[in-house]
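One structure is given below, encoded as structure tokens.
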Amino acid sequence: MMAEKEARVGIGGSRADNINNEEPPTKDSGLRNKAERLHEFNEAEGYIIDINADDTTKTLGIKLAGDGHTVLIPQPSDDKHDPLNWSWAKKHLILFVVSFVSFLPDYGSATGAVTLIPQAEEWHTTPDYVNHSQAGNVFMLGAGGVIVVMLSAYFGRLPVVFWFLIVSTATAAWCAGATAFESFMAARILNGFFSTVSQAGGLMFLKDIFFFHEQARKINIWASFIVISPYMGPLLAAFITETQRWPVPFWVFFAMNVLGLGLVICFLQETYYDRTILAVEQPERGSRIARLTGVAQWKSRHLRNTFRQACWRTVSVLLKPTVAISCLFYALTFAWAVGINTTLAMFVTPLYGFAPRQVGFFYFTPVVAVVLGEGVGHWMHDALAKRYIRHHKGHFEPEARLRIVFFSMPFVIVGLVLIGQCFENAWHYMVTSVCWGMYVFGMMITTVALNSYCLDSYPEASGEVSAWLNMARTVGGFIVSYFQVTWAEAQGTKLSFGIQAAVCVAAFLFIIVLLRWGKTMRVWSGPLNFATT
């Protein structure tokens, strides 16, 4: 027990050099020690991620990665059921399932961007009016995520994904079978609320099964599924609607939901595990069906958060200034991605005379941009983190994650400015394609940086920070999609997109604030002191 205690203090970085001269325990120190047991992170001193594996370290009992010097954070237990101890194959299968289910919400949402015109013709209205169903769906993608993490903190991860995905599958079928706009809009709103389950809460699964030094690359993979999905939907829908009626793309979306539900039933695991409880005292895991439906988690609910605590967790995270600032920055920069995506057909169809097939080909651009962003980020996020750790004697601060935004934001800003120029000056569509790709490439890298920063700052709130960032992204897009076209028609695309770029420049000041004062704000606001991770 003493060895375990000493290891925790050393990793937390709070009293590693004063083990034999500890202060008398107080209520506040008890909360700090509880927090250190949960995630080995201290607000004032950050993470100790790289150490020399000398005799002293071995005496302390700190568990290291295979390289012999990278500290495993969190420290895994000796229980085979601890998700950190699962095999590489099992962990990455879960990563794939979570990523695929996270792909579905924006894919289904953006599918409607291509079907606007035939739906408007069938229901004798305007495409802009039909687009209200799209806006409602986008808003619910964010609002539903906040509810997801509340329920997950109380009921467990797996059953919430299972039950939400069942309703998402049913409402996807309803979208395809709707015969009136009112029915279609109701289906779209409900589908947005329930389909967001893994997109908003996916970070919880990644935090549960991967160590700190692995998380940035896994977030990069998960985020790439999310960022690429709103472009894959219109791409495929455009090809389908050229020869088929508009419901067919939504039946394809329904089939993808069925596949996602099947993957969850067969392969997704309950990843919540409380390492502060001894292995012999862990609650019964129950059968596969019991874990999937939530029966097993219900029996052990007294070991997690009360329902009131589960709800307050979500609110308290947003009260942390660094999280609030991160969300505000994300809303002001990613909103234009949603706005462009949901209204693109209205711009390029009259400008370039594109038929549905040409619109579909045009969506290859952001798909390629996301793939490039994932590839660059897969190397760059880790490279910058390792460089910081090397220059700070093994210590790591979450704010280091944001340094990459200096690289990504020029692509975002220049891309937006040039898109406006392309539309107003009728530049060649290939130029427009490249400019759009620049913006998407920049936002892909920025998305991973923000998720990693917020997760590193509050590792016990993986679901909550994920939900709020998702909310910021979708609410911003919800607002912009209502006025993107009318704004461009009133003032011209050169001015409207130029203003969007100016907003991104102003928002970048928030990153500078976080880099300069982020740690001060984290220390001032204190830890969350949640009962569980």
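The values are calculated or read from the model by the stated rules, or taken from the named source; none is laboratory data. It should be emphasised that the depicted structure is a prediction, and the values quoted were computed from it without experimental measurement. Because the Cβ atoms are built from the backbone with ideal geometry, glycine has one as well, and the counts that use them run over all protein chains shown.
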**Prompt:** How many residues are at pLDDT below 85 and not in a helix (DSSP H, G or I) if we restrict to segment 102-124?
**Reply:** 0
**Complete:** Log entry, pairs with first residue in segment 386-401 being at positive phi, second being among the charged types (D, E, K, R) and outside any helix (DSSP H, G or I), beta carbons closer than 6 Å, six or more apart or on different chains, reads Gly394/Asp50
**Prompt:** Quick check: is even one residue across segment 317-329 at pLDDT below 90 and either within 22 Å of Gly201 (Cα to Cα) or part of a loop (DSSP other than H, G, I, E, B) (or both)?
**Reply:** no
**Prompt:** Quick one: would you say Ala255 is assigned by TED's automatic domain parsing to the domain that holds His378, buried (at least 23 other Cβ atoms within 10 Å of the Cβ) and part of a helix (DSSP H, G or I)?
**Reply:** no
**Complete:** Screening Ala180, Ala143, Ala113 for residues that are among the small types (Gly, Ala, Ser) and either without any contact (Cβ under 8 Å) to a residue 24 or more places away in the chain or over 22 Å from Arg245 (Cα atoms) (or both) leaves only Ala143
**Request:** With respect to Ala449, determine if the residue is assigned by TED's automatic domain parsing to the domain that holds Ser198, small (Gly, Ala, Ser), surrounded by 23 or more Cβ atoms within 10 Å (Cβ to Cβ) and farther than 25 Å from Ile189 by Cα.
**Result:** yes
**Message:** If Thr243 satisfies all but one of (1) within 26 Å of Gln134 (Cβ to Cβ); (2) part of a helix (DSSP H, G or I), what's the number of the condition it fails?
**Reply:** (2)
**Request:** Could you check, for segment 79-97, whether at least one of its residues is touching a helix residue (DSSP H, G or I) at 6+ places or on another chain (Cβ under 8 Å), closer than 29 Å to Tyr482 by Cβ and either outside the structural domain of Leu206 (by TED's automatic domain parsing) or in a helix (DSSP H, G or I) (or both)?
**Result:** no
**Prompt:** Which of (1) surrounded by 20 or more Cβ atoms within 10 Å (Cβ to Cβ); (2) over 21 Å from the mean Cα position of the chain (by Cα) is the odd one out, the single condition His132 does not satisfy?
**Reply:** (1)
**Request:** Output the residue which, of all residues in segment 492-524 that are of a type outside the set (A, V, I, L, M, F, W, C) and surrounded by 15 or more Cβ atoms within 10 Å (Cβ to Cβ), is nearest to Leu332 (Cα to Cα).
**Result:** Gln500
**Asked** Can you find a residue in segment 162-182 that is outside any helix (DSSP H, G or I), out of contact with any strand residue (DSSP E or B) (no Cβ under 9 Å at 6 or more places or on another chain) and not polar (S, T, N, Q)?
**Response** yes
**Prompt:** Given the conditions (1) closer than 19 Å to Pro350 by Cα; (2) surrounded by fewer than 20 Cβ atoms within 10 Å (Cβ to Cβ), and given that His391 satisfies all but one, which numbered condition is not satisfied?
**Reply:** (1)
**Message:** Filter segment 237-251 down to the residues that are crowded, with 20+ Cβ neighbours inside 10 Å, hydrophobic (A, V, I, L, M, F, W, C) and touching a residue at least 24 places away in the same chain (Cβ under 8 Å) and list them by number.
**Reply:** Ala237, Ala238, Trp246, Phe250
**Request:** Would you mind finding the one in Arg304, Arg313, Arg308 that is out of contact with any helix residue (DSSP H, G or I) (no Cβ under 6 Å at 6 or more places or on another chain) and touching a residue at least 40 places away in the same chain (Cβ under 8 Å)?
**Result:** Arg304
**Complete:** In the set Ser152, Ser99, the lone residue that is surrounded by 24 or more Cβ atoms within 10 Å (Cβ to Cβ), at pLDDT 90 or above and either among the hydrophobic types (A, V, I, L, M, F, W, C) or under 21 Å from Phe205 (Cβ atoms) (or both) is Ser152
**Prompt:** Only one residue in Val280, Val227 is among the β-branched types (Val, Ile, Thr), more than 18 Å from the chain's Cα centre (by Cα) and not in a loop (DSSP other than H, G, I, E, B). Which one?
**Reply:** Val280
**Item:** Filter result (aliphatic (A, V, I, L, M) and either closer than 30 Å to Val513 by Cβ or not assigned by TED's automatic domain parsing to the domain that holds Ile209 (or both)) within segment 268-323
**Value:** Val315, Val317, Leu318, Leu319, Val323
**Request:** Go through Ser433, Ser408 for me and flag whichever is of a type in the set (S, T, N, Q) and closer than 30 Å to Val71 by Cα.
**Result:** Ser408
**Request:** Would you point out which residue out of Thr486, Thr474 is surrounded by fewer than 17 Cβ atoms within 10 Å (Cβ to Cβ) and either closer than 25 Å to Ile226 by Cα or more than 25 Å from the chain's Cα centre (by Cα) (or both)?
**Result:** Thr486
**Item:** Failed criterion for Gln269 (all others in (1) touching a residue at least 60 places away in the same chain (Cβ under 8 Å); (2) part of a helix (DSSP H, G or I) hold)
**Value:** (2)
**Fill in**
Of the residues in segment 422-441 that are over 19 Å from Asn341 (Cβ atoms) and in contact (Cβ under 8 Å) with a residue 60 or more places away in the chain, the one that is surrounded by the most Cβ atoms within 10 Å (Cβ to Cβ) is Glu424
**Residue tally, condition touching a residue at least 24 places away in the same chain (Cβ under 8 Å) and in contact with a Gly (Cβ under 7 Å, 6 or more places away or on another chain), over segment 282-301** = 3
**Fill in**
Within segment 331-371, residues free of Cβ contacts under 8 Å to residues at least 12 places away in the same chain and within 26 Å of Met471 (Cβ to Cβ) come out as none
